[in-house]
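*Asks:* One structure is given below, represented as structure tokens, and several questions about it will come after.
The values are calculated or read from the model by the stated rules, or taken from the named source; none is laboratory data. Small disclaimer: the values here were computed from a predicted structure and weren't measured. Here the Cβ positions follow ideal geometry from the backbone for every residue, glycine too, while neighbour counts run over all protein chains shown.
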């Protein structure tokens, strides 16, 4: 353990004393401190604060990620190239200890830089909030939608009966037999369609949100939703009315303005409506006859308050650091396998693909389910399928996007963080370091030959 | 292929280094043999001796040393260092190594470098500080302990490297070209240090292409040539010339020399080959005397 700590400390001191590191830290600090002053957002307090978090923390985190790619890729490969590793490898230190020490040093450095960035952004947010005190609605909006993180709870889907599913499958198969693309099995499509709440004119549907957890009394729960209607051509603006039973009081009725199909809308209900962790609302259709409203549970979410802004920031810090730990481990593995430039490219590629995996996943899915019969279409489908396999194999750095969540006032649940860190950071990190130790053990340190 | 199966088993305790048929072939990217750097080397180094590995450039000295400290993997044959495989981690606690080059972290000071390496041996902090102080003083680097290693001259780096090789008070010290980059004073210091290590009973394996240095400090030497062992034995035995006799006396006048030559021809026949000359001081001794005189003059 002493050797691991010594190697970590050595890396930390060595890096901190480099002129290039000093320039990087100064630029980063200047950026984090100065940028938020230049950000106005849409002019409101909330949007200014959001811009402060999104850019003031987002861009430096990206820069720290790139620095981690360089630092971790060079920690082994450059030490090998410059023969500095020889001095350590000829001591009673295992290859695993060397790698653990390097990883610890890089993570400590990342933690210090990240901590400084989060502290600078936190100071800006605190000062920004303080400056705006007394500005009424603006402050309330910032409090409700920025400083109070909210967790998203999707509405429970409607459970169709087997008979309903059978009938819809039959009708779909009969009508759509020649046009069905096969991307989604008919039964899945049918179940998905039947899981939507269908509200005929004058009738209501119960929209249930389960697992709401304890909500702070006196707080508001935002309910975001989008509605669709059939027939679509006649929908125009869709009216609706939300109602809820209030214990010992008059029922709550909210009639928001009518909006076109698919446009996100929002209402606010008191937290006291939650009973036993379940929020029950009724959605009524005051629409004219002949228009059916569809409410997709996946497009309806309740946003109860969970934790505070600073706690959310702390969890976000841990999530970003977890991502950097994995990145550093991958860099060390690459540095054990290749020379510095190749290791940098390799780690950078994995980081870029991992960071854009959501977008790439959508693109590949769209292409892989294409129907064209020409050679380029077939080739595209094959490549997209390979792309999807590669995406599955590589770590998903966009899994939890803490900066975006903090900026949007979305809570990062601790359980989600722990699960994400365990499966997308700890396990792959352990595998990467284990593989790197194996590689270094089999590799000749002097000339790069293999046993 | 290199045997990884406990090569130390059966090696007598007093043999700190033993190689059997040690061979190293360097291959290119495609696995084709390019250079046979070492070819079936058999070597034994006993506890307490200073052993020199001699040979011209490319003879396999450094390759042998890198195989012995585990930086290279043997193509075939086996090696045992301190009774264990060269890549055995635990046995490295008893080994000191000075590589041919001294690639230290340039932003650390000499003091930090030594304490970092002491930590790698898990030497407790207080002991590490004591050893660091003593070694820096012994190597003449006490005044430069707070200077960054990147500012050191090549000679100072060698001294620091030597200090690092001794930080764990090793049983076996392997030195690759230890006097490379040292000035004559540094070389003298190094030879004195080797004498001290020998007195302490430590075993030293050093490689050098400076034959004079090796002759002065080594108990036994091995001469390598193109990866093969050309000769091995005690220095005095190897240098003994059975066919000649040397007589050294005070300076003689020409008449006495003539008389001596005549006497030898009379006894051994007119064909005897006699060389007479004035022995010259070795340049190293001359240099040391001159520097000492200059230093004394400056001091007075």
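*Asks:* Can you tell me which residue is nearest to residue A:85 (Cα to Cα) among those in region B:71-91 that are within 7 Å of chain A (Cβ to nearest Cβ) and in contact with a helix residue (DSSP H, G or I) (Cβ under 7 Å, 6 or more places away or on another chain)?
*Replies:* B:71
*Asks:* Given the structure, is residue A:98 within 14 Å of chain B (Cβ to nearest Cβ), more than 20 Å from residue A:407 (Cα to Cα) and buried (at least 24 other Cβ atoms within 10 Å of the Cβ)?
*Replies:* Answer is yes for this residue.
*Asks:* So, one more: Pick from B:177, B:171: which is modelled with pLDDT of 85 or more and touching a helix residue (DSSP H, G or I) at 6+ places or on another chain (Cβ under 7 Å)?
*Replies:* Selected residue: B:171, the only one of B:177, B:171 that is modelled with pLDDT of 85 or more and touching a helix residue (DSSP H, G or I) at 6+ places or on another chain (Cβ under 7 Å).
*Asks:* Now for a different question. So, of the residues in region A:234-250 that are over 10 Å from residue A:282 (Cα atoms) and out of contact with any strand residue (DSSP E or B) (no Cβ under 7 Å at 6 or more places or on another chain), which turns out to be modelled with the highest pLDDT?
*Replies:* Out of the qualifying residues, it is A:239.
Per-residue answers, yes or no, for (1) crowded, with 19+ Cβ neighbours inside 10 Å; (2) within 16 Å of residue A:125 (Cβ to Cβ); (3) over 29 Å from the mean Cα position of the chain (by Cα):
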{"position": "A:8", "(1), (2), (3)": "yes, no, yes"}
{"position": "A:11", "(1), (2), (3)": "yes, no, yes"}
{"position": "A:16", "(1), (2), (3)": "no, no, yes"}
{"position": "A:20", "(1), (2), (3)": "no, no, yes"}
{"position": "A:27", "(1), (2), (3)": "no, no, no"}
{"position": "A:43", "(1), (2), (3)": "no, no, no"}
{"position": "A:46", "(1), (2), (3)": "yes, yes, no"}
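*Asks:* Pick out, from region A:326-423, the helices (runs of 4 or more DSSP H) lying fully within it that include 3 or more residues that are at pLDDT 85 or above and more than 25 Å from residue A:436 (Cβ to Cβ).
*Replies:* A:402-408
*Asks:* On to the next question. Scan (1) at pLDDT below 85; (2) at positive phi for the single condition residue A:40 breaks and write down its number.
*Replies:* Result: residue A:40 fails condition (2) only.
*Asks:* Looking at region A:273-317, which of its residues are more than 18 Å from residue A:402 (Cβ to Cβ) and without any contact (Cβ under 8 Å) to a residue 40 or more places away in the chain?
*Replies:* If the condition is that a residue be more than 18 Å from residue A:402 (Cβ to Cβ) and without any contact (Cβ under 8 Å) to a residue 40 or more places away in the chain, then A:275, A:276 are the ones that fit.
*Asks:* Can you pull out the residues in region B:224-276 that are in a strand (DSSP E or B) and on the phi < 0 side of the Ramachandran plot?
*Replies:* The answer is B:224, B:225, B:228, B:229, B:230, B:231, B:232, B:234.
*Asks:* Would you pick out the residues in region A:142-157 that are at pLDDT below 85 and under 21 Å from residue A:299 (Cβ atoms)?
*Replies:* A:145
*Asks:* Looking at A:394, A:388, A:379 in this structure, which one is without any contact (Cβ under 8 Å) to a residue 12 or more places away in the chain and either buried (at least 19 other Cβ atoms within 10 Å of the Cβ) or more than 30 Å from residue A:220 (Cα to Cα) (or both)?
*Replies:* Of A:394, A:388, A:379, the one residue that is without any contact (Cβ under 8 Å) to a residue 12 or more places away in the chain and either buried (at least 19 other Cβ atoms within 10 Å of the Cβ) or more than 30 Å from residue A:220 (Cα to Cα) (or both) is A:379.
*Asks:* Could you list, in sequence order, all residues of region B:93-129 that are within 23 Å of residue A:446 (Cα to Cα) and without any contact (Cβ under 8 Å) to a residue 12 or more places away in the chain?
*Replies:* B:101, B:103, B:116, B:120
*Asks:* Just one of the numbered conditions (1) in a helix (DSSP H, G or I); (2) within 14 Å of another protein chain (Cβ to nearest Cβ) is not true of residue A:93; which one?
*Replies:* With (1) in a helix (DSSP H, G or I); (2) within 14 Å of another protein chain (Cβ to nearest Cβ) applied to residue A:93, the lone miss is (1).
*Asks:* So if I check each of A:51, A:108, which one is away from chain B (no Cβ under 14 Å), within 27 Å of the chain's Cα centre (by Cα) and farther than 23 Å from residue A:431 by Cβ?
*Replies:* The match here is A:51.
*Asks:* Restricting to region B:222-251, what's the tally of residues that are farther than 16 Å from residue B:62 by Cβ and in contact (Cβ under 8 Å) with a residue 12 or more places away in the chain?
*Replies:* 9
*Asks:* May I ask you to list the residues in region A:400-445 that are within 14 Å of another protein chain (Cβ to nearest Cβ) and surrounded by 15 or more Cβ atoms within 10 Å (Cβ to Cβ)?
*Replies:* If the condition is that a residue be within 14 Å of another protein chain (Cβ to nearest Cβ) and surrounded by 15 or more Cβ atoms within 10 Å (Cβ to Cβ), then A:437, A:439, A:440, A:443, A:444, A:445 are the ones that fit.
*Asks:* Of everything in region B:92-104 that's surrounded by fewer than 21 Cβ atoms within 10 Å (Cβ to Cβ) and at the interface with chain A (Cβ under 8 Å from one of its Cβ atoms), which residue is farthest from residue B:16 (Cα to Cα)?
*Replies:* B:103
*Asks:* In region A:59-87, what residues are within 11 Å of another protein chain (Cβ to nearest Cβ), part of a helix (DSSP H, G or I) and either buried (at least 19 other Cβ atoms within 10 Å of the Cβ) or free of Cβ contacts under 8 Å to residues at least 12 places away in the same chain (or both)?
*Replies:* A:79, A:80, A:84, A:85, A:86, A:87
*Asks:* Right, something else. Any residue at all in region A:22-38 that is more than 25 Å from residue A:397 (Cβ to Cβ), assigned to a helix (DSSP H, G or I) and within 14 Å of chain B (Cβ to nearest Cβ)?
*Replies:* Checked region A:22-38: at least one residue is more than 25 Å from residue A:397 (Cβ to Cβ), assigned to a helix (DSSP H, G or I) and within 14 Å of chain B (Cβ to nearest Cβ).
*Asks:* Being within 14 Å of chain A (Cβ to nearest Cβ) and touching a helix residue (DSSP H, G or I) at 6+ places or on another chain (Cβ under 8 Å): is that true of residue B:166 here?
*Replies:* yes
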